[in-house]
Amino acid sequence: MSDVLLSGWGRTAPTRAHVVEVSDAAHVAAALLHAPARGLIARGLGRSYGDPAQNAGGDVLDITGLTGITFDAANGVATVAAGVSLDALMRECTPQGWWVPVTPGTRQVTVGGAIAADVHGKNHHVDGTFTAHVARMALSLPDGTLVNVYPGDALFNATAGGMGLTGVVVEADIQLLPITTALARVDTDRFDDLDSLMAAMASGDDQYRYSVAWVDAGTRGTLGRGILIRGDHANAADIPERKRTLAFDPGTLATVPALVPNGLLNKASITALNEAWFRKAPRQRRDELQSLTAFFHPLDMARDWNRMYGPRGFLQYQFVVPDSAGHVVQRTLEALRMIGATSFLTVLKRFGAEGPGLLSFPRPGWTLALDIPTGVPGLAAVLDSLDELVIEGGGRLYLAKDSRMTPRTLELTYPRLAQFRALRAEIDPNRRLNSDLARRLDL
Amino acid sequence: MIDALSRPQSVAVFGATSQIAGSLLQRLRSPALRHIVLAARPSPARDSLADSLRTDTTAVTVLDFDASDPDSHSGVIDAAFAQGDIDVTVIAFGVLGNQADFDADPASAVEAAQVNYVGGVSVGMRVATRLREQGHGALIVLSSVAGERARASNYVYGSTKAGLDVFATGLGDALHGSGVHVMVVRPGFVRTKMTEGLPEAPLSVGPDDVADAIVNGLRHNRETVYVPSTMRFVMSGLRHVPRSLFRRLPI
Ligand SMILES: Cc1cc2nc3c(=O)[nH]c(=O)nc-3n(C[C@H](O)[C@H](O)[C@H](O)COP(=O)(O)OP(=O)(O)OC[C@H]3O[C@@H](n4cnc5c(N)ncnc54)[C@H](O)[C@@H]3O)c2cc1C
Ligand SMILES: NC(=O)c1ccc[n+]([C@@H]2O[C@H](COP(=O)([O-])OP(=O)(O)OC[C@H]3O[C@@H](n4cnc5c(N)ncnc54)[C@H](OP(=O)(O)O)[C@@H]3O)[C@@H](O)[C@H]2O)c1
C-alpha cells in the first residue's frame, strides 16, 4: 500500500493515488467500506489509454491480486477471478481446445478491465462484445455487498462498459469458444486507396468471423491505402496432420528501455514504418496459417512499447460512426495528415449490432483508431473539430481510449448516459466509487 | 482534470486582473475549460474580464480577494474550491512600486512586502493543501528575475520576489511526487500596466509571451520558466558578476 503517480497506457496526465492491494472478495468489500472521501476505483493492468483506472487523491484498488481460474472443459465455462489476464486465461484454456471468445489487440488486460470497458475484438460484427459471453459476474457493490448479476439485469448492463463505477467485479463466468487448433486461417488483401478498402470490407466482412484493416496514416503515399486481414480459426480436419497444434506459447521479445528520448516515434519514423509495413504486405494471399498470437496480438511481441513515444506520451483517438457517416473516416485521416499528425497504428473495422451495455462503445458502422503523439502542434483543435463530425454523424468515442473528450461530447453521443447516471446515483449516493475519468466527464 | 493535451477544465487566478493573467486565461480557453475563478479586488476591469470569458460551456466565478489581507484568504480559497477540483491555480498579484517612493515612505515598502511575499505565502500554502488533497493540479507562481539578484534601483521589489521565489521553489520540492506541479515563472521586463511609463529594458516581452511560456511549461511539466528563455543564461551570467561591478551596471 503506497502513494503513487498513476497514468494510463498513453502515459499522459498522471495523478497521485493510494494503491490498495487485494487478494480476495473480503478485501475488496473492506476497501469499499473504508473508501476515502475521494473514493476508490479498480485498476487492472492499466491498458486503458487515458484516466479511467486512476483516482487523484483517493484509493486505487489493484485488482491483479484477484487470481484463480476454474475451468470446465466439458462445457467450456471458465470461472475466472477479475484480476486474471486474458493472457493467463488463454494459456490455461487454449491447449484444452477453448478460446477466449473476444480478445482486444492485447492479451495483457484483466477480465475486470475487459468487462468494465466491454471490450471488442476483430469479431465484433459476428460475436459482439466481451460481456455478450459473460454468463455471470460477482460484483462487490459500493456498500460492500457481494451480488451475482446476470445478463438482462440492470446492474449487468450498467457494469458492462461502466468503467468500474458500478462496483468492483470480483469474478466472472465466461463461455469460451471451442477450437480444434491454435491456428488461424488468414486471408490478406492490400488496397491502394481507402474507398476500395472500405468497399471490400462492407461487402465481404460477413463471410469472416474475424476482420480488421490496418490503414496507412503516414504522411506519404495515398491517403488511406491499407491492408485487410480476415480469417477464422483453422479446423484441424482441414489442415495437414503435422501442422495441427493446440500449443499456445507466445513469449515476448524485447522490452523497450525506460529512457527513450522523447519522440523516437516521430513523424519521419512513423511514416517510414507505415511505408515499410504497407510494402511488405502481399497484394493478396489466401488461407495462410498463422499462430493465434501472431493473428490476434502482434503488438504483444514487444513489451512496454508505449515508451517509444517518450515521456510526453500519446493518445488514441477511436470513434465509431454509422455507415451513413462513413466519410468521417476519410475526413479524419485528411485532417490529421494536414497537421502532420502521423499515426503508427491505425486500425479500421466494422462493428455489428449494439449490445445492452449502457455505456458500451460499439454500435453498427465503422470504427477507426489512431495512436497519435500528444506533442503534435494543433492536435487539440483538430480533434475537437473531429468530435463535432462524430457527433453530427451519430457516432461516439471509446471511453477506454479517451483522454480528452468533453462532458458535452459524451452527453451528445451516449444516449443511455442518463440511465447510467441515475443508477449510479441510486447505488452509490456517496460516490465511494470515483475516478479521474468520472470527474472529467461527469459520469 | 487536466486532459492528455494539458488542457485544464478549471482554473483559479489570484490577482486575476493582472495583464499577464489575462493573456494566460485567453490561452487556456478551450472546449475543455468548464470553470474559471477570478479572485481579485473589485473593479470594472474584473467584471469585464469575467464577461469576456464566460461562455455556454465555461462558467466564471468572481471572488473578492485582497492579497494584503491574509486573514481573509482561507475563506477565498474555500470559495474557489467550493465547486470542485481546480486544475490550474495562478498567483498573479503583485506590486512593483518604485524605490524612491519606498525610500520616502517606508510603510509603503512594508505594504509591498505584504502583498508580494506574505500574500504569496498565504495563498500558496492554502492552495498547496488543497492540491495535495486533490492529488493533482498545478500552481503557477509569477516570480521575477528581479528576485534573483538585488539591484539598488528596486531592491525592495526584488526582495519580495526573492522571498516568493524561494518559497515557491521549496514548495515545489515539497510537493514532488504528490501529483502537484509547481511552476515558478521568472519573467524579465514585461510590457503591462505594471511597467507602463518605464523605459523598456533589453529582452523585454509582452504578456502574451509570458502566457505562451507558461502554457508550454504546463505541457512539459517545467518547474522553472524564464521569459524570454534566454533570460536564464543572462541571469546565470549576472549571478557571477562581482558585486563591485554589478553595482555599477546600468540595470
Ligand atoms: C495495445 C492495446 C490494444 C487494445 N486493443 C483493444 C481492442 O482491440 N478492443 C478493445 O475493446 N480495447 C482495446 N484496448 C483497450 C483495453 O482492452 C481496455 O482498456 C481494457 O479495459 C484494459 O484492461 P485493463 O485490465 O488494463 O484495465 P485498466 O486499464 O486497468 O482499467 C480499465 C477500466 O476497467 C475498470 N476495471 C478494471 N478492473 C475492474 C474490476 N475488477 N471491476 C470493475 N472495474 C474494473 C477500471 O476501473 C477502469 O475503468 C487496447 C489497449 C491496448 C493497450
Ligand atoms: N510586468 C513585468 O515586467 C513583470 C516582470 C516580472 C514579474 N512580474 C509579475 O507578474 C505578475 C503580474 O504582473 P503584470 O505584469 O500582469 O502586472 P499587472 O497587470 O499590474 O498585474 C498585477 C496585478 O496585481 C494585482 N494586485 C496588486 N495588489 C493587490 C492586492 N493587494 N490584492 C489583490 N490584487 C492585487 C493588481 O490588481 P488590481 O487590478 O486590483 O490593481 C494587478 O491586476 C506580478 O506578480 C508581477 O510582479 C511582472
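The values are calculated or read from the model by the stated rules, or taken from the named source; none is laboratory data. These numbers come from a predicted model, not from an experiment. As a convention, Cβ positions derive from the backbone with ideal geometry for all residues, glycine included, and neighbour counts pool all protein chains shown. Protein only, heavy atoms only, side chains kept; ligands, DNA and RNA dropped before computing areas. Shrake-Rupley method; radii C 1.70, N 1.55, O 1.52, S 1.80 Å.
General observations
- Residue within region A:114-128 that is crowded, with 19+ Cβ neighbours inside 10 Å, more than 10 Å from ligand 1 (Cβ to nearest atom) and of a type in the set (A, V, I, L, M, F, W, C) present: no
- Residue that is nearest to the other protein chains (Cβ to nearest Cβ) [pool: residues in region A:364-390 that are more than 24 Å from A:Arg11 (Cα to Cα) and crowded, with 19+ Cβ neighbours inside 10 Å]: A:Val390
- Remark: pairs (first residue in region A:225-244, open to solvent by 30 Å² or more (accessible area, probe 1.4 Å); second residue aromatic (Phe, Trp, Tyr) and outside any strand (DSSP E or B); Cβ separation under 7 Å; 6+ apart in sequence or on different chains) = A:Asp232/A:Tyr208.
- Considering region A:1-20, the residues that are more than 7 Å from every other protein chain (Cβ to nearest Cβ) and β-branched (Val, Ile, Thr) include one that is nearest to B:His220 (Cα to Cα), namely A:Val4.
- Residues in region A:83-121 that are more than 24 Å from A:Gln318 (Cβ to Cβ) and outside any helix (DSSP H, G or I): A:Gly83, A:Val84, A:Gly97, A:Trp98, A:Trp99.
- From the options A:Glu354, A:Glu334, residue that is of a type in the set (Asp, Glu) and either under 26 Å from A:Leu417 (Cα atoms) or buried (at least 20 other Cβ atoms within 10 Å of the Cβ) (or both): A:Glu354
- Residue list for region B:199-212, filter: modelled with pLDDT of 95 or more and either open to solvent by less than 30 Å² (accessible area, probe 1.4 Å) or within 10 Å of ligand 2 (Cβ to nearest atom) (or both): B:Ser204, B:Val205, B:Gly206, B:Pro207, B:Val210, B:Ala211
- A:Leu348 vs. criteria more than 11 Å from ligand 1 (Cβ to nearest atom), in a loop (DSSP other than H, G, I, E, B) and modelled with pLDDT of 95 or more: no
- Residue in region B:111-129 that is farthest from the other protein chains (Cβ to nearest Cβ), counting only those that are open to solvent by 10 Å² or more (accessible area, probe 1.4 Å) and within 13 Å of B:Val182 (Cα to Cα): B:Met125
- Looking across A:Thr131, A:Thr145, one residue alone is more than 8 Å from ligand 1 (Cβ to nearest atom) and open to solvent by 30 Å² or more (accessible area, probe 1.4 Å). It is A:Thr145.
- Within region B:37-58, being out of contact with any Pro (no Cβ under 8 Å at 6 or more places or on another chain) and within 14 Å of chain A (Cβ to nearest Cβ) holds for B:Thr55, B:Asp56, B:Thr58.
- The set of residues from region A:315-345 being modelled with pLDDT of 95 or more and within 16 Å of ligand 1 (Cβ to nearest atom) comprises A:Leu315, A:Gln316, A:Tyr317, A:Gln318, A:Phe319, A:Val320.
- The requirement of being open to solvent by 50 Å² or more (accessible area, probe 1.4 Å), modelled with pLDDT under 95 and within 15 Å of ligand 2 (Cβ to nearest atom) is fulfilled nowhere in region B:69-81; no residue meets it.
- In summary, helices (runs of 4 or more DSSP H) completely within region B:138-251 and bearing 2 or more residues that are within 14 Å of another protein chain (Cβ to nearest Cβ) occur at B:207-219.
- Residues that are open to solvent by 10 Å² or more (accessible area, probe 1.4 Å), away from every other protein chain (no Cβ under 14 Å) and more than 9 Å from ligand 2 (Cβ to nearest atom), drawn from region B:11-36: B:Gln26
- When residues of region A:62-82 are limited to those that are part of a loop (DSSP other than H, G, I, E, B) and not hydrophobic (A, V, I, L, M, F, W, C), the one farthest from A:Gly8 (Cα to Cα): A:Asn75
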